[in-house]
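Accompanying notes for the structure given below.
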Amino acid sequence: MANGCDNTMFGCSIGMLGEENVGGRWRDIASIGVGCIEIGIDTIDMPDSDIADLRKSVEDAGLRVWSVHSMFGAQYSISSPDSDIRANGVKWIAGAARVAHSLGAGIVVVHSGDSQPDDQSDEEAEALAVASMKEVLTVCDGLPVRFAIENLPSGYINSTAESLMRVVSQLPEDRVGVCFDSGHAHITGEDEAIVEQASARVITTHLHDNDGNGDQHYLPGIGSVDWEAACRALSASTWDGPLMFEVGGPGSHEEALSKLPVAAMVLWGHFEG
């Protein structure tokens, strides 16, 4: 593979760090072949001792934390016209970076905004997102964590390749990259465009499927994403990490996770082909 990806490794998003019983699932997840996980956070005030205990429990199960997903939503939007909301978003992303570093993760996945107000132009939203991310980088100066800005669905900032790259290109390449979300790209009809235009900046993935009409987070192969084309585009990019899935169905979350090894084998076949 041109991108040097470790094609023996795949991982998945595990949900919010604050969920009850999530810690009891590490060994079950590892048992199906998952090697790394992405954890979402709903707190940035965990004591260092609790974070250390969490990291140990993950590593004792044979897993590693690959990435941490910062909180997202209207009250965390770093492109909001409201300066207090932007400040809150910056605080949470910086807090997520601290947690990520303590967990041994090298990447923080970031939404650069929420749904845009009708009276906010793309240019204003993008400028505010860039300014906010520069604040994050200043606060996190010296912290060996990279930030991956995710392409979002229609109605949100960075839903198109052009919007995404207008933001990412204004931020330092060694500290900020792109999280390619295959489901979001499919909804907006930008399946290949996102990866092709962000080719030099993709550093992680959210791989999932849908029918093009909603963010369904299906296993790859259940919806209508062209996985052969997506894998071809990823293979030509700078991405060299594990296959990171963000699936939730069809069926229960547990059923989807149990089928990840098959999905990973199918995708690896597209890379090798």
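The values are calculated or read from the model by the stated rules, or taken from the named source; none is laboratory data. These numbers were taken from a predicted model, which means no experiment stands behind them. Positions of Cβ are generated from backbone atoms using ideal geometry, with glycine treated the same way; all protein chains shown enter the neighbour counts.
Taking the stated definitions as given, is LEU128 crowded, with 20+ Cβ neighbours inside 10 Å, under 25 Å from GLU246 (Cα atoms) and either modelled with pLDDT of 95 or more or touching a strand residue (DSSP E or B) at 6+ places or on another chain (Cβ under 6 Å) (or both)?
Working: crowded, with 20+ Cβ neighbours inside 10 Å: yes; under 25 Å from GLU246 (Cα atoms): no; either modelled with pLDDT of 95 or more or touching a strand residue (DSSP E or B) at 6+ places or on another chain (Cβ under 6 Å) (or both): yes.
The answer is no for LEU128.
Could you list all residues from the stretch 230-255 that are of a type outside the set (Phe, Trp, Tyr) and assigned to a loop (DSSP other than H, G, I, E, B)? Spell out the reasoning first.
Initial filter on the stretch 230-255 (of a type outside the set (Phe, Trp, Tyr)): 230-238, 240-244, 246-255.
Correct list: ALA236, SER237, THR238, ASP240, GLY241, PRO242, GLU246, VAL247, GLY248, PRO250, GLY251, SER252.
Can you work out which of the residues in the stretch 94-125 that are among the polar types (S, T, N, Q) and closer than 22 Å to GLU246 by Cβ is surrounded by the most Cβ atoms within 10 Å (Cβ to Cβ)?
The residue in question is SER112.
Please name all residue pairs, on different chains or six or more residues apart, with Cβ atoms under 7 Å, provided the first residue is in the stretch 256-273 and is part of a helix (DSSP H, G or I) and the second residue is of a type in the set (S, T, N, Q).
Between residues of the stretch 256-273 that are part of a helix (DSSP H, G or I) and residues that are of a type in the set (S, T, N, Q), the close pairs are TRP268/ASN7; PHE271/ASN7; PHE271/SER235.
I'd like to check something: does the stretch 93-108 contain any residue that is farther than 23 Å from PRO144 by Cβ and without any contact (Cβ under 8 Å) to a residue 60 or more places away in the chain?
Here is the first cut: in the stretch 93-108, the residues farther than 23 Å from PRO144 by Cβ are none.
No, every residue in the stretch 93-108 fails to be farther than 23 Å from PRO144 by Cβ and without any contact (Cβ under 8 Å) to a residue 60 or more places away in the chain.
State which residue pairs qualify: first residue closer than 18 Å to PRO261 by Cα and inside the stretch 219-238, second residue acidic (Asp, Glu) and modelled with pLDDT of 90 or more in any location, beta carbons under 7 Å apart, and separation of 6 or more residues or different chains.
LEU219/ASP209; PRO220/ASP209; GLY221/ASP209; ILE222/ASP209; GLY223/ASP209; GLY223/ASP211
For the stretch 141-150, check the following and say yes or no: at least one residue is out of contact with any helix residue (DSSP H, G or I) (no Cβ under 6 Å at 6 or more places or on another chain), more than 20 Å from ILE187 (Cβ to Cβ), crowded, with 23+ Cβ neighbours inside 10 Å and not basic (Lys, Arg).
Yes - at least one qualifying residue is present in the stretch 141-150.
Of everything in the stretch 214-273 that's among the hydroxyl-bearing types (Ser, Thr, Tyr), more than 17 Å from the chain's Cα centre (by Cα) and within 21 Å of ILE194 (Cα to Cα), which residue is surrounded by the most Cβ atoms within 10 Å (Cβ to Cβ)? Let's see the steps before the verdict.
Here is the first cut: in the stretch 214-273, the residues among the hydroxyl-bearing types (Ser, Thr, Tyr) are 218, 224, 235, 237-238, 252, 258.
Those still in the list that are more than 17 Å from the chain's Cα centre (by Cα) too: 224, 235, 252, 258.
Still in the running and within 21 Å of ILE194 (Cα to Cα): 224, 235.
Values: SER224: 13, SER235: 17.
For the stretch 214-273, the residue satisfying everything is SER235.
If only one of ASP42, ASP28, ASP53 is charged (D, E, K, R), touching a strand residue (DSSP E or B) at 6+ places or on another chain (Cβ under 9 Å), modelled with pLDDT under 95 and not in a strand (DSSP E or B), which one is it?
Values: ASP28 fails: touching a strand residue (DSSP E or B) at 6+ places or on another chain (Cβ under 9 Å); ASP53 fails: touching a strand residue (DSSP E or B) at 6+ places or on another chain (Cβ under 9 Å).
Exactly one residue qualifies, and that residue is ASP42.
Take the stretch 182-207 and flag every residue that is farther than 13 Å from ALA229 by Cα and in contact with a strand residue (DSSP E or B) (Cβ under 6 Å, 6 or more places away or on another chain).
ALA198, ARG201, VAL202, ILE203, THR204, THR205, HIS206, LEU207
Where residues in the stretch 22-49 are surrounded by 13 or more Cβ atoms within 10 Å (Cβ to Cβ) and over 20 Å from HIS253 (Cβ atoms), which of them is farthest from the chain's Cα centre (by Cα)?
Looking at the filtered set, the residue picked out is MET46.
Just to be sure, is ARG166 assigned to a helix (DSSP H, G or I) and in contact with an Asp or Glu (Cβ under 7 Å, 6 or more places away or on another chain)?
Values: assigned to a helix (DSSP H, G or I): yes; in contact with an Asp or Glu (Cβ under 7 Å, 6 or more places away or on another chain): yes.
In short, yes.
Consider only pairs whose beta carbons are under 8 Å apart and that are at least six residues apart or on different chains; among these, list those whose first residue lies in the stretch 154-168 and is touching a residue at least 12 places away in the same chain (Cβ under 8 Å) and on the phi < 0 side of the Ramachandran plot and whose second residue is among the small types (Gly, Ala, Ser) and in a strand (DSSP E or B).
Correct list of pairs: TYR156/SER115; VAL168/GLY177.
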